[in-house]
Amino acid sequence: LSETESLLKFKKSLIIGRAGALESWDRKNPPCKWIGVLCHNGYVWGLRLENIELLGSLDIEALMGLKSLRSLSFMNNKLKGPFPEFKKLGALKSIYLSNNQYDVKIPRDAFEGMGWLKKLYLEQNKFSGEIPMSVATIPKLLEFRIDGNRFTGQIPEFTHELNMSNFSNNALSGPIPKILSRMDQKMFEGNKGLCGKPLDSECYSPYNISPEHKASSKKKSSKFFYIVAAVVAALLAILIILGIIIMLCRRKRNKQPLLSQEPGPSSLQKRAGIQEGDKGQSSCHSLKPTTKRMTHTTKLSFLRDDKGKFELQDLLKASAEILGSGCFGASYKTVLSSGSMMVVKRFKHMNTVGTEEFQENMKRLGRLRHGNLLPIVAYYYKKEEKLFVCDFVEKGSLAAHLHGHKSLGQPSLDWPTRFNIVKGVGRGLLYLHQNLPSLMAPHGHLKSSNVLLNENYEPLLTDYGLIPMIDEESAQELMVAYKSPEYLKHSRVTKKTDVWGLGILILETLTGKLPECFQQADKKSEHDMASWVNSIFQGEWTQELFDQEMGKTNNSEAEILKLLRIGLSCCEVDVEKRLDIREAVEKMEDLMKEREGDDDFYSTYASEADGRSSRGVSSEGINFSWNDSSHQGIK
Ligand SMILES: Nc1ncnc2c1ncn2[C@@H]1O[C@H](COP(=O)(O)OP(=O)(O)OP(=O)(O)O)[C@@H](O)[C@H]1O
C-alpha cells in the first residue's frame, strides 16, 4: 500500500469524536499536507493525533505500510480496548498514549523487538497488571512514564539507566531496582508497597511493611500467635506421619534412582523418543544409552512461579529434542501442555555437594532478577540426579551464531548487534558480581555457548553461579574460570577471572574465531586467544583480525577498535592491571553513549524483527537529520 492508502485505511479504522478533525485526510492532497501527519523529505515519520476525542481501539496493522514511521502520539483522547500491537512497527522511536482510557493488562512481550524505542509515555490511563517485562529490556529506552495507572507487582530490573521515568501513583510493590535508585523520590510516590532507595522506606523483606501495617500487626500478633502455634503443631504431626510413610515406601523401592542409574541423558532421551542420531555435538562426553525408564513422580523445586507448577513428567510427556551435550551433561528442549517451551539440563559432577548447600545455592540463584540473566525456573535434586529447568531461548547461543550460522541458514550477526550482545553480557556479569559477592567467580563458566539470544538478540547469561556446586576436580577440568592465566599459573580464581572470560568473549565476537582453537593440548601453556590477538594487533585496523561478516556502518572501524582494546584490557595476564567488571562495563557504556543519536548505528535485526525493510535505516534512503528535538512538537 502507498502511504496515502495506508493512512486512509487507518483513518477508516478510527472512531473520531471531534467532527471534522481529520477532514484534510483526503486523496486530493499529499499526506504530508494532512493535519497531524509529520513528514521528513516527503516521507511520513510521525502521526500526531491528539485531543480529537478518538474512541475505541487502534489498528496498528494499518500503519505497517508507512516504512519511515518513527513516532506516534495519540495523547489526550478516549482510546480503549486491547493494548495496541506497537511491536509490529519495530522501528518506532517514540510512543505517546498518555491520558486515554486504557484499562487492560499489557502483554508481557508487548515491546519485544522494539530495538529503537526511546520514549514510551503511558501515563494517566487505567492500565493494570504487571509492568511488562519486555519494557525493561528495550535497549535504547530513555524516557518511560506510567504514572497514574493501576500497575501492580514489582518494577522489573531495567538493563540500563533511564534519563527520565515516572512510576508514581500506581499499586506497585517490592524493592526499587538498584539501577533506578538515583532517580527523584517523587517518581515513585503513591505506591504503598515500594521500598528501597531513593525512597526513605527500607526493604525488610522482599516486600516492605508500612508503619501502619506494623502497628496493627503488633496488636493482632499475640492472638495470631496461638492460632499459628496450634496450626504448626498440627502440621508437624501430619509431617511426621507422612515422613514415616515415605520412608517405608522408599525402602520398598529398593533405592532405585528416579531417572536412571546411568548419569547420562538416555532415559530422558528414550522417554522423549530421541533417536541416537539426533544427539548433536558432544564437546566433552559421549552419551550412553540405557533402557531404564522413569516410573515415579518427580517433584521439582520451583524458583519462579510465572510458568505455573508442573512435574518433570509433564516435561517429558511431549517429544523432546536434544540441544547439545556440554561438559556437564546434555540439554533437552521440550514443550509443556501450556505451550511453553522449556529446557531441561542434566548436571553431572555435582556429587560432593550436600543437600543443604545445594539448596541454599539454588535459592540464592533463584533470587536473581536481571534482563540479561536466564532465570532458572525449577530444579530437581537427588543424590544421583540433578536437573535444571529454564525457558527455551529462541535464537539459541551466541556460539551458534558466531560459528555455525551458515549451517543454521541464518545471516551472520552484524556489528551493532555484536556490540549490543557483549554490552548486555557485561551488564549481566556486573549484576552477578553485585549480587553474588561471596562467590570467587560469580559466573565462572562464561563462554559463547552460555550466552543465549532472545528474539530481540538481547543476550541472556546461563550456567552462572555453579562453582560452589561442582565437584572441585571436575570444575578444574571443565570450567572456563579454571582456564584463566591466573589459574594456570598460580592456581588462583578471583573476581577478575570472570572479566578475563568477558575479554575472551569480546575477542571471539570480534574475530569470529573459536577460543578453543588457540588452547594448546598442554594446559599450562600461556598461548590463548588474547596472546594471538596481541601478536597481530599493532593499534590499527588489521583486516585479518576481524570477522568480515559483521559488516560496517559509519565509524564502525574506530568503534570496533575501541571494543577490541576493551577486550584486551579484560584479558590482561596480570590480574592487578586487568580491568574490574565495573570498569569494563563503564567503558562499553561510554562507547555506547558516543553512539547515541547516531541513527546509522543500525542493526539489521531491528527491522527484520517485524518482517519488513525500512527505508529509514538503509544507507541510501532518507537520513536521520531530524533528531529527537523534532519530537518536542509532539510532547
Ligand atoms: N535455555 C536454552 N535455550 C536454548 N538453547 C539452549 C538453552 N540452554 C542451552 N542451550 C544450548 O544447548 C546446547 C547445549 O547446552 P549445554 O548447556 O548443555 O552445554 P554447553 O553450553 O555447550 O556446555 P557446558 O555444559 O559446559 O555449559 C548449547 O548450544 C546451548 O547454547
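The values are calculated or read from the model by the stated rules, or taken from the named source; none is laboratory data. These numbers were taken from a predicted model, which means no experiment stands behind them. Because the Cβ atoms are built from the backbone with ideal geometry, glycine has one as well, and the counts that use them run over all protein chains shown. In case anyone asks, the SASA skips ligands and DNA or RNA and just uses the protein heavy atoms, side chains included. Shrake-Rupley method; radii C 1.70, N 1.55, O 1.52, S 1.80 Å.
Here are the numbers:
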| item | result |
| --- | --- |
| K11 paired with N534, simple spin-label distance in nm, labels 7 Å along Cα-to-beta-carbon | 6.7 |
| Computed log₁₀ I(q)/I(0) - Debye formula, equal Cα scatterers, no solvent, segment 100-206, q 0.11 Å⁻¹ | -0.30 |
| Net lengthening on full extension, Q434/V228 (0.36 nm per residue, minus Cα-Cα) | 70.5 nm |
| Where only C-alpha atoms are counted, convex hull volume of segment 37-140 per residue in Å³ | 88 |
| Surface share of carbon and sulfur [accessible, 1.4 angstrom probe, percent] for segment 1-115 | 48 |
| Over 29 Å between alpha carbons, listed pairs K317/K513; K423/K496; K119/K513 | K317/K513; K119/K513 |
| Gain on full stretching of the segment that runs from M164 to L55 - 0.36 nm per residue minus C-alpha separation | 36.3 nm |
| Virtual spin-label span in nm between I244 and E586, 7 Å along Cα→Cβ | 6.4 |
| Highest to lowest packing among 464-475, 191-202, 436-447, scored as the average C-beta count within 10 Å | 436-447, 464-475, 191-202 |
| Inter-label distance for E516 and Q359, nm, one decimal - labels placed 7 Å from Cα along Cα-to-Cβ | 3.7 |
| Of all accessible heavy-atom area on segment 391-452, the percent that carbon and sulfur account for (1.4 Å) | 54 |
